[in-house]
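The values are calculated or read from the model by the stated rules, or taken from the named source; none is laboratory data. In this text, all values refer to a predicted model and were calculated from it rather than measured experimentally. Methodologically, a virtual Cβ is constructed for each residue, glycine included, from the backbone with ideal geometry; neighbour enumeration extends over all protein chains shown. The area values use the complete protein model at the heavy-atom level, side chains included, leaving out ligands, DNA and RNA. Shrake-Rupley method; radii C 1.70, N 1.55, O 1.52, S 1.80 Å.
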Amino acid sequence: MKDTICVIGLGYVGLPLAHAFSSRYKVIGFDISQWRIDELQNGYDRTLELSEAQVKEALANGMEFTLDIEKIRPCNIYIVTVPTPIDKHKKPDLTPLIKASETIGKVLKHGDIVIYESTVYPGATEEDCVPVLEKFSGLKFNTDFYCGYSPERINPGDKEHTVTKIKKVTSGSTPETGKKVDALYASIITAGTHLAPTIKVAEAAKVIENSQRDINIAFVNELSIIFNRLGIDTNAVLEAAGTKWNFLPFKPGLVGGHCIGVDPYYLTHKAQEVGYNPEIILAGRRLNDNMGIYVANQVIKLMIKKGYRIEGSRVLVLGIAFKENCPDIRNSRVIDVITELREFGCVVDVSDYWADPADVKHEYGITLAENVDPNTYDAIVLAVAHEKYKTYEFDDAKVVFDIKSILKRADGRL
C-alpha cells in the first residue's frame, strides 16, 4: 500500500514539504487556521514560499487542505511541522507541539508513523510527545505505532536552496522505522539524506546547527563594537581576514527569526535540566539579544553629533522582517531598535514593502508607513537588506545608520 501523508502545520516549513511530497504521494495538509486553509485552497500562500502556480500544482496532484480532523484519519504517515517558540522567560514553549500530538493521537492507528520536524531539545520527541500520543490513542509506542525525527531545513525567502535541494537528516524510533523514514524522504530529496542512529542524535544535530551560527554571529557582533571604538571599519576587517581559506564568513547584525534567535534556548534549557550551565551559548545569546539597543544608541549619538534635538525627532526604520527579501516577521529583533529609539523620545515610522501590514500590526502593534519619503526624516535606519533598499540614496544632512552595510553612504554601520 502506498503511503498517505498528513502534514500538520502549513507554515514556512510544512507547506513546501507538503508540496514536495504531493508529486509522489497522496498528501493532506492540516492546519488549525481557517483563513490559512481558505487562502491555500484559492492558490495563495502568504509566506511566498510557494507561488500561486505551485500551490495549484499541488491541488492538481490531489493534495487537500483541511482543519477537519476526520479527514486525516486515513493517513498512515503524520509529519509535524508546527512552530516551537520560546516564552517571555526565554523557556521552550512546546504548546503547539503538544497540541499537534494530541490531534494525531486521536486518529492514530496500528502501524502508523509520526515524524517530527519541529526544532526541539534532545529527548523531546520520545519524552514529551510520545506520552501524549500514547494517552490519546491508547496505543503503545514501538509496538503499535512508531516515531521519526527529521529536522526541518528551510531557509525562508531562499529560492535556490529549497526543501528538496538541502540534504535531510532522518531518524526513527527503531532501526526498521529509521530505514522507512529515510526512504520516504529520499524519494523526494534530490540532495540526499543522512540516517542518524537515534532520534536524540537527529534532534541534537538540528539544535546545534543554529546555536553554532548564533555564537559565530555573536563573535562578529562583539568585534563590530570593539572596532567601532577603535575607529576601524568592521566590514573592511572581515574582508581582509576572509582572504584566508578557512576564515568563516559571518557578518554582524540583528539575530532574530524563528531559528537562530530561538533554538539555542532549547539546548540551554536541556543542559540546565541535567545540571550544566552552558556559559558560551548563553553569553552569545545575551550579546545578540542586546544588539538592537546598541544600534539605537549609536543612532542617537550620531544624531547628537549632527545637531539634532532628540526629543520629537523623526526616524524612519526601513525593514521589520527578520531577514531580507522575505515577509517573515517572526521574532524580528528590529523591534528592539524601534522600542529603544521611542524610549529616547523619537517619533519612529516603520516601512517594509515585503511584510504584511496586518501581521505587523497583530504581532508588534505597529502600523506600517506607506509611500514614505526618506528625506523628510531626521534619521534613517536601514534594518533589513531588501533588494529595493540597495538603490536608496540619502542627502548628507540626514543621519543614516546601515545595519546591513549595503548602502553607498552611511554615517554608521555595524
- [ ] Count, please, the residues in region 272-293 that happen to be open to solvent by 20 Å² or more (accessible area, probe 1.4 Å) and either over 20 Å from the mean Cα position of the chain (by Cα) or of a type in the set (Asp, Glu) (or both).
- [x] 11
Open item on the list: Just to check your reading of the model, which residue among LYS180, LYS168 is at pLDDT 95 or above, basic (Lys, Arg) and open to solvent by less than 50 Å² (accessible area, probe 1.4 Å)?
Closed with: LYS168
- [ ] Taking THR198 as meeting all but one of (1) within 30 Å of GLU279 (Cβ to Cβ); (2) touching a residue at least 12 places away in the same chain (Cβ under 8 Å); (3) under 24 Å from the mean Cα position of the chain (by Cα), write down the number of the exception.
- [x] (3)
- [ ] Scan region 155-188 for residues that are under 30 Å from PHE322 (Cα atoms) and free of Cβ contacts under 8 Å to residues at least 60 places away in the same chain and jot them down.
- [x] ASN155, ASP158, LYS159, GLU160, HIS161, LYS165, ILE166, LYS167, LYS168, VAL169, THR170, TYR185
- [ ] With respect to ILE199, determine if the residue is crowded, with 16+ Cβ neighbours inside 10 Å, within 19 Å of GLY284 (Cβ to Cβ) and modelled with pLDDT of 95 or more.
- [x] no
Open item on the list: Any residue in region 368-385 that is among the acidic types (Asp, Glu) sitting within a Cβ distance under 7 Å of a residue that is crowded, with 24+ Cβ neighbours inside 10 Å? List the pairs, counting only those 6 or more apart or interchain.
Closed with: ASP378/VAL315; ASP378/VAL399
Task: Of all residues in region 215-249 being of a type in the set (Phe, Trp, Tyr) and open to solvent by 40 Å² or more (accessible area, probe 1.4 Å), the one that is nearest to ILE280 (Cα to Cα) - done: PHE219
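Quick check on this structure: which one of ALA186, ALA191 is touching a strand residue (DSSP E or B) at 6+ places or on another chain (Cβ under 8 Å), open to solvent by 40 Å² or more (accessible area, probe 1.4 Å) and farther than 20 Å from ASN155 by Cβ?
Answer to the selection: ALA186.
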TODO: Give the residue that is farthest from the chain's Cα centre (by Cα), with candidates limited to residues of region 323-349 that are crowded, with 21+ Cβ neighbours inside 10 Å and assigned to a helix (DSSP H, G or I).
DONE: LEU341
TODO: Specify the residue that is most open to solvent (accessible area, probe 1.4 Å); the eligible residues are those in region 392-411 that are modelled with pLDDT of 90 or more and out of contact with any Phe, Trp or Tyr (no Cβ under 8 Å at 6 or more places or on another chain).
DONE: LYS404
